[in-house]
Amino acid sequence: MSTKKKIYLYTRFERFWHWVQSLLIFLLLLTGFEVHGTFTLFGFQKAVEYHNFLGLTWVILFIFIVFWVVTTGEWRQYIPTTKKLFEVIGYYSSGIFKGLPHPVKKSKETKHNPLQRLTYLGLTAILLTLQMGTGLLYYLYNDWAIWNWTFLDLRLLALIHLACAFAILAFIIVHVYMTTTGHTLTSHISAMFSGWEEVEEGEVAEWEVQKKR
């Protein structure tokens with residue numbers, strides 16, 4: 001019978017920005033969809049004001065996150081790799097339902113499996129950056145004429161911003177589901193509160209072993 005142990009994976013700041021960013025994104029989606037007339041909660045004017053404030057707050061937080069990732073060396077966690085990528089895809093598509101072990105084990109040096117690396121890198125470098133960029137341009141719309149930004153199209157910008165919002169919402173839905181695939185339904189979520197992740201005793205990431213050879 002296998003035993004489990006806990007390893008400290010997520011620092012305080014890592015957990016802080018994860019939950020604060022999650023809250024900001026949720027509120028941005030809420031106010032953003034109200035601005036588009038999906039429902040009425042705060043009222044159009046208030047929704048616009050809240051959305052602008054939350055968006056600027058998110059940009060500031062994102063800058064701190066990027067700075068932290070770069071200065072702490074955590075950027076290495078997001079280096080894409082295809083090693084065991086298809087094994088991980090196979091695990092989540094069928095192996096997990098058969099009770100098979102995860103093909104890539106977690107460690108301090110390898111928090112993310114190959115699929116997560118590709119997903120988080122694309123999310124951060126492309127989707128979130130595009131969302132914030134279009135949001136800032138949208139926010140500065142009244143200054144376009146001053147800067148002679150006649151090449152920009154407000155309708156196209158709004159469409160891209162909205163499409164990114166739906167893509168982020170889709171990611172959140174999948175992400176929440178994936179948090180339930182740990183040793184228990186709440187083990188991954190608990191780890192993002194405490195910082196401690198539960199793993200099988202003796203589990204060592206293959207990549208970590210290869211580094212020592």
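The values are calculated or read from the model by the stated rules, or taken from the named source; none is laboratory data. What you see is a predicted model, and the numbers here were worked out from it, not measured in a lab. Positions of Cβ are backbone-derived with ideal geometry, glycine not excepted, and every protein chain shown enters the neighbour counts.
Would you mind stating whether Gly55 is touching a Leu at 6+ places or on another chain (Cβ under 7 Å), assigned to a helix (DSSP H, G or I) and touching a residue at least 60 places away in the same chain (Cβ under 8 Å)? Give the steps one after another, and end with the answer.
Values: touching a Leu at 6+ places or on another chain (Cβ under 7 Å): yes; assigned to a helix (DSSP H, G or I): yes; touching a residue at least 60 places away in the same chain (Cβ under 8 Å): yes.
Against the criterion (touching a Leu at 6+ places or on another chain (Cβ under 7 Å), assigned to a helix (DSSP H, G or I) and touching a residue at least 60 places away in the same chain (Cβ under 8 Å)), Gly55 qualifies.
Return the residues of segment 102-138 that are more than 17 Å from Ala163 (Cα to Cα) and touching a residue at least 60 places away in the same chain (Cβ under 8 Å); say none if nothing qualifies.
Passing the criteria: Val104, Lys105, Lys106, Ser107, Lys108, Glu109, Thr110, Lys111.
Write out, first by first residue and then by second, each pair whose Cβ atoms fall under 6 Å of each other, whose residues are 6+ apart or on separate chains, and whose first residue, in segment 64-92, is within 16 Å of Lys108 (Cα to Cα) while the second is part of a helix (DSSP H, G or I) and not aliphatic (A, V, I, L, M).
Val69/Trp75; Tyr78/Arg117; Tyr78/Tyr120
Could you list, in sequence order, all residues of segment 164-180 that are surrounded by 13 or more Cβ atoms within 10 Å (Cβ to Cβ) and farther than 19 Å from Leu118 by Cα?
Within segment 164-180, Ala165 is the sole residue that qualifies.
Please indicate, with yes or no, whether at least one residue in segment 26-45 is surrounded by fewer than 16 Cβ atoms within 10 Å (Cβ to Cβ), charged (D, E, K, R) and either part of a helix (DSSP H, G or I) or without any contact (Cβ under 8 Å) to a residue 60 or more places away in the chain (or both).
Within segment 26-45, none of the residues are surrounded by fewer than 16 Cβ atoms within 10 Å (Cβ to Cβ), charged (D, E, K, R) and either part of a helix (DSSP H, G or I) or without any contact (Cβ under 8 Å) to a residue 60 or more places away in the chain (or both).
Can you name every residue in segment 46-78 that is of a type in the set (Val, Ile, Thr) and either under 15 Å from the mean Cα position of the chain (by Cα) or surrounded by 17 or more Cβ atoms within 10 Å (Cβ to Cβ) (or both)?
Taking segment 46-78 and keeping what is of a type in the set (Val, Ile, Thr), we get 48, 57, 59-60, 63, 65-66, 69-72.
Within segment 46-78, Val59, Ile63, Ile65, Val66, Val69 meet the criteria.
Tell me which residues, restricted to segment 180-197, are touching a residue at least 12 places away in the same chain (Cβ under 8 Å) and assigned to a loop (DSSP other than H, G, I, E, B).
Thr181, Gly182, His183, Gly195
Given the conditions (1) surrounded by 15 or more Cβ atoms within 10 Å (Cβ to Cβ); (2) at pLDDT 95 or above; (3) more than 21 Å from Leu157 (Cβ to Cβ), report the number of the one that Trp19 does not fulfil.
The failed condition is (1).
Where residues in segment 91-116 are outside any loop (DSSP other than H, G, I, E, B), of a type outside the set (Phe, Trp, Tyr) and in contact with a Leu (Cβ under 9 Å, 6 or more places away or on another chain), which of them is surrounded by the most Cβ atoms within 10 Å (Cβ to Cβ)? Step through it out loud before you land on a result.
Here is the first cut: in segment 91-116, the residues outside any loop (DSSP other than H, G, I, E, B) are 91-93, 95-98, 114-116.
Narrowing the set further to residues that are of a type outside the set (Phe, Trp, Tyr) leaves 93, 95-96, 98, 114-116.
Imposing the further condition that a residue be in contact with a Leu (Cβ under 9 Å, 6 or more places away or on another chain) reduces the set to 114-115.
Details: Pro114: 21, Leu115: 18.
Going through the qualifying residues, I end up with Pro114.
Conditions (1) out of contact with any Lys or Arg (no Cβ under 9 Å at 6 or more places or on another chain); (2) under 22 Å from Gly182 (Cβ atoms), marked per residue:
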position: Tyr50; (1), (2): yes, no
position: Phe53; (1), (2): yes, no
position: Leu56; (1), (2): yes, no
position: Ile65; (1), (2): yes, no
position: Tyr78; (1), (2): no, yes
position: Thr82; (1), (2): yes, no
position: Glu87; (1), (2): yes, yes
position: Ser93; (1), (2): yes, yes
position: Gly99; (1), (2): yes, yes
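Any residue at all in segment 82-100 that's within 28 Å of Ser22 (Cα to Cα) and in contact with a Phe, Trp or Tyr (Cβ under 9 Å, 6 or more places away or on another chain)?
Checked against the condition, which is being within 28 Å of Ser22 (Cα to Cα) and in contact with a Phe, Trp or Tyr (Cβ under 9 Å, 6 or more places away or on another chain), segment 82-100 yields no hits at all.
Which of the residues spanning segment 66-86 are more than 17 Å from Leu9 (Cα to Cα) and in a helix (DSSP H, G or I)? Step through it out loud before you land on a result.
Narrowing segment 66-86 to residues more than 17 Å from Leu9 (Cα to Cα): 66-67, 70-71, 79-86.
Answer for segment 66-86, where residues must be more than 17 Å from Leu9 (Cα to Cα) and in a helix (DSSP H, G or I): Val66, Phe67, Val70, Thr71, Leu85, Phe86.
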